[in-house]
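> Mind looking over this structure? Questions follow.
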Amino acid sequence: MKDNVVIELEGVNKWFGDFHVLKDIDLKVRERERVVVCGPSGSGKSTVIRCINRLEEHQEGRIVVDGQELDDDTRNVAAVRREVGMVFQQFNLFPHLTVIENCMLGPTRARGMSKAEARDRAMEYLARVRIPEQAEKYPGQLSGGQQQRVAIARSLCMQPKVMLFDEPTSALDPEMIKEVLDVMIDLAQSGMTMIVVTHEMGFARTVADQMVFMDEGRIVETAPPERFFANPESERTKLFLSQILSH
Amino acid sequence: MAASRPPPTHLRRGRWWNAPWFDTLQFAVFTGALLWLTVAGAMNMGYNWQWYRVPRFIYRVVDGELIWGPLIKGLVVTLEITAWSVVITLAIGLVTALLRLSNSFSGRIVAKVYLEAVRNTPLLIQIYLFYFVLGPIIGLDRFWVGVACLSVFEGAFACEVIRAGILSVPRGQWEASDGIGLGRVQGYRYVILPQAVPLMLPPLTGLVISLIKNSAIVSVIAVFDLTTEGRNIIADTFLSFEIWMTVAAIYLVLTVTLSVFVSYLEHRVRARE
Ligand SMILES: Nc1ncnc2c1ncn2[C@@H]1O[C@H](COP(=O)(O)OP(=O)(O)OP(=O)(O)O)[C@@H](O)[C@H]1O
Ligand SMILES: [Mg+2]
């Protein structure tokens, strides 16, 4: 049995104007659990994880992160965001800051840590993503794979309880995908709680405790990877898997 | 990553009509023609040029001591007005830009009303309003009435420049800033504005230049700036051609120096990236 629940979504509904993006989403993620979310484009995968750290607001249902319910109270939102790291498809590094400054900004400004301590911590995580030697460069001087690893280190510097990844490798050239996935596998093995939106099914098989398949705003199927890949229940999951695995 | 190749030769070198020497030649011919027209025109109307009387309004040397003339004193006042106005203009521009971008409905309305009011009334009327209405109420002297009026006027333009700069920073930067737990003010301060300011710099230079030029308006409320001094000298001496040309030249030197300086700065900023 795994530990206590860190993220809980209960009957979450969301609309963009008239468009019903998320329909009755229920999801529980326990501590140290790794959840991989997949599904066709436009099915609402990004929207779900963006709701978890309130980059998007949901209109119905409950989202509880680490015991804090996400509502209009901005203090809750700030508290939740400090506990939830987010890695984006487009990296979103701060181009005007060096790699190490990118990593130090959150700890010094949002957590009030001293510069020296933040620098030590940043170096530690840059070493973990295997690019300590790039610390003084600007993001623009790095390759895509390196940038994404910096983005992961930047999030880790906040020592979050949960890491969210939104298609972290889909903006990368093929030869760089592996270096990023390797870092993520390390992270999973170190016991980080993770929700990962990805179509890298090899990665999913390696690390996932739970697979979540979404289509048209709904969670269609949730299953452990062995069953999910070998023996999916829903026809839509089968169709999706046959398309994605044939690549 | 694709290796960056140098651009084709014809783009790198430029054609002869883009060369600096040709620019200079063009400029010289043009200025020469203009000068000739003026001089010829003045001769036709029998204007009596007395350039030798002009320098003393710029400086005099009495007993080996340098004494600045009224034009330089006026220039100093113009510079003072401009400097104060730049600071206040930027403050007003930043605040209204943030109001316009805020979630507060009343904040956005206040900003919008201010912008429309300022942009759709003549500057001359604004300075009269400030001088005859607001000045007495708040108890500002002329100098500060001038500064306040110019700042409020240019603040509306600064607001648009600053707003556009802020909006041109990609959305993902806000999301990353939120994602590492920075608040709104911190996000602006450490993430958004440092990226937006370099983008605002060129249009803000234009704004400072227009401030220098528009500062001449304070002469209507008898602040002793460059324009007022020039007019007073002419009233005494009737040297209208010489003095107005000199005044224009001083403004020109000021604005051109500024734009050269800023393009140098921009160049430095870009080189660093
Ligand atoms: N800000 C927005 N306003 C309106 N519609 C939006 C907005 N963001 C997303 N959508 C729509 O919501 C739907 C779900 O978007 P979402 O980004 O969550 O899908 P996704 O599953 O992540 O897809 P992809 O694989 O393409 O990233 C899409 O149809 C998208 O067009
Ligand atoms: Mg997406």
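No lab work stands behind these numbers, since they all come straight from the coordinates. If you're wondering where the values come from, they're calculated on a predicted model, not measured in any experiment. When we count neighbours, we look across all protein chains shown, and the Cβ atoms used for this are built from the backbone with ideal geometry, even at glycine.
> Counting only residues 5 or more places away or on other chains, whose amide H sits under 5 Å from the amide H of B:Leu239 once H atoms are built in the peptide plane?
Under 5 Å from the amide H of B:Leu239 lies no amide H from a residue far enough along the sequence or on another chain.
> Give the calculated FRET efficiency between A:Glu216 and A:Asp72 to the nearest 0.05, with a Förster radius of 30 Å applied to their Cβ-Cβ distance. Mind showing how you got there, number by number?
On the way: r = 28 Å, r/R0 = 0.94.
Efficiency, rounded to the nearest 0.05: 0.60.
> A follow-up question, please. Cα axis of helix B:105-119 to longest principal axis of chain B: angle in degrees, 0 to 90, nearest 10?
20
> So what is the relative contact order for chain B, in percent, with contacts set as C-alpha pairs under 8 Å and at least six apart?
Here the relative contact order equals 22 percent.
> Compute the distance from the alpha-carbon center of the range A:115-159 to that of the range B:170-205, in whole Å.
20
> What is the order of A:Glu31, A:Glu133, A:Glu179, fewest Cβ neighbours within 10 Å to most? Can you show the working numbers first?
Values: A:Glu31 16, A:Glu133 10, A:Glu179 19.
Ranking A:Glu31, A:Glu133, A:Glu179 by Cβ neighbours within 10 Å, fewest first, gives A:Glu133, A:Glu31, A:Glu179.
> From the backbone phi of the range B:246-260, what are the Karplus-calculated ³J(HN,Hα) couplings (6.51 cos²θ - 1.76 cosθ + 1.60, θ = phi - 60°) in whole Hz, Gly and Pro given as x?
Once rounded to whole Hz, the list reads 5, 4, 4, 5, 5, 4, 5, 4, 4, 6, 5, 4, 4, 6, 5.
> Let me know the shape class of the range B:106-178, please: from the alpha-carbon gyration tensor, a ≥ b ≥ c as square roots of the eigenvalues, rounded when a/c is under 1.5, otherwise prolate if a/b is greater than b/c, or oblate.
On the way: a/c = 2.90, a/b = 2.68, b/c = 1.08.
Since a/c reaches 1.5 and a/b is larger than b/c, the shape of the range B:106-178 is classed as prolate.
> Can you give the calculated 222 nm mean residue ellipticity of the protein assembly as shown, where each DSSP H run of n ≥ 4 adds -39,500 (n - 2.57) and the sum is split over every residue, rounded to the nearest 500 deg cm²/dmol?
Numbers: 21 runs with 285 residues, N = 520.
Value at 222 nm, helices only: -17500 deg cm²/dmol.
> Using alpha carbons only, how many angstrom separate the centre of the range B:12-41 from the centre of the range A:208-246?
Distance between centres, Cα-based: 72 Å.
> Also: Can you list the lysines whose alpha carbon is less than 28 Å from that of A:Lys45, not counting same-chain residues fewer than 8 positions off?
The qualifying lysines are A:Lys2, A:Lys14, A:Lys23, A:Lys28, A:Lys161, A:Lys178, A:Lys238.
> Could you please report the charge total around A:Arg82, scoring K, R as +1 and D, E as -1 over all other residues with beta-carbon less than 14 angstrom from its beta-carbon?
Details: positive: A:Arg54, A:Arg75, A:Arg81, A:Arg109, A:Arg111, A:Arg154, A:Lys161; negative: A:Asp66, A:Glu83, B:Asp178.
Local charge sum for A:Arg82: +4.
> Identify, among B:Leu201, B:Ala271, B:Leu226, the residue whose Cα sits farthest towards the positive end of the charge dipole of the range B:190-273, taking +1 on the Cβ of Lys and Arg and -1 on the Cβ of Asp and Glu, with the dipole about the Cα centre.
After comparing all options, I get B:Ala271.
> Among DSSP beta bridges lying fully in the range A:130-247, give the percent that are antiparallel, nearest 5. Walk me through the intermediate numbers first.
Values: 5 of 10 bridges.
Once the DSSP bridges in the range A:130-247 are tallied, antiparallel ones form about 50 percent.
> Sticking with this structure for a sec: Given the options B:Ile127, B:Ile88, B:Ile138, which has the most mean-square fluctuation in a GNM of chain B, springs set between C-alpha atoms less than 10 angstrom apart?
The residue that fluctuates most here is B:Ile138.
> In whole Hz, what ³J(HN,Hα) sequence does the range A:226-234 give by Karplus (6.51, -1.76, 1.60; θ = phi - 60°), x for Gly and Pro?
Those phi angles translate into 4, 6, 4, 7, 7, 8, x, 7, 8 Hz.
> Compute the Cα gyration tensor for chain B, then decide on rounded, prolate or oblate, letting a ≥ b ≥ c be the square roots of its eigenvalues: rounded whenever a/c is under 1.5, prolate when a/b is larger than b/c in the other cases, and oblate in all that remain. Don't skip to the answer; put the middle values down first.
Details: a/c = 2.50, a/b = 1.31, b/c = 1.90.
Judged from the Cα gyration tensor, chain B comes out oblate (a/c at least 1.5, b/c at or above a/b).
> Still on this structure: Tell me which residues come under 5 Å, amide H to amide H, from A:Met194 once H is placed; ignore anything under 5 positions away on its chain.
Placed amide hydrogens put A:Glu33, A:Arg34, A:Val35, A:Met163 under 5 Å from A:Met194.
> If you don't mind, there's one more thing I want to ask. At a 10 Å Cβ-Cβ cut-off, how would you order B:Thr31, B:Thr38, A:Thr193, fewest neighbours first?
On the way: B:Thr31 10, B:Thr38 13, A:Thr193 23.
Fewest-to-most Cβ neighbours within 10 Å comes out as B:Thr31, B:Thr38, A:Thr193.
> Could you give the distance between the Cα centres of the range A:1-78 and the range B:66-88, to the whole Å?
60
> Less than 14 Å Cβ to Cβ from B:Val262, Lys/Arg counted +1 and Asp/Glu -1: what total charge do the surrounding residues give?
Neighbour charge sum, excluding B:Val262 itself: +1.
> Determine the dipole magnitude for the range B:129-273: charges of +1 sit on the beta-carbon of Lys and Arg, -1 on that of Asp and Glu, nothing else is charged, the reference point is the Cα centre, and the result goes in debye to the nearest 20. Intermediate results must be reported in sequence, preceding the final value.
Details: 10 positive and 11 negative charges, 89 e Å.
The calculated dipole for the range B:129-273 is roughly 420 debye.
> State the antiparallel share, in %, of DSSP beta bridges confined to chain A, rounding to the nearest 5. The partial results should precede the final answer.
Details: 20 of 37 bridges.
Percent antiparallel among DSSP bridges in chain A is about 55.
> Rounded if a/c is under 1.5, else prolate if a/b is larger than b/c, else oblate: which is the protein assembly as shown, with a ≥ b ≥ c the root eigenvalues of its Cα gyration tensor?
On the way: a/c = 3.02, a/b = 2.30, b/c = 1.31.
Prolate.
> Just rank B:Tyr128, B:Tyr188, fewest to most, by other beta-carbon atoms within 10 angstrom.
Values: B:Tyr128 14, B:Tyr188 19.
The most exposed by this proxy come first: B:Tyr128, B:Tyr188.
> Then there's this: If you plug each phi of the range A:21-37 into the Karplus form 6.51 cos²θ - 1.76 cosθ + 1.60 with θ = phi - 60°, what whole-Hz ³J(HN,Hα) values come out, in order, with x for Gly and Pro?
Karplus-based 3J(HN,Hα) across the range A:21-37 equals 7, 10, 10, 6, 7, 10, 7, 10, 10, 8, 4, 6, 8, 10, 10, 10, 10 Hz.
> Using modelled amide H (1.01 Å from N, peptide plane; none on Pro or chain starts), what sits under 5 Å from the amide H of A:Glu221, excluding residues fewer than 5 places away?
Excluding prolines and chain starts, which carry no amide H, the hits are A:Phe213.
> Considering only the other residues whose Cβ falls under 14 Å of the Cβ of A:Lys178, what net charge follows from Lys and Arg at +1 and Asp and Glu at -1?
Taking every other residue near A:Lys178 into account, the sum is -4.
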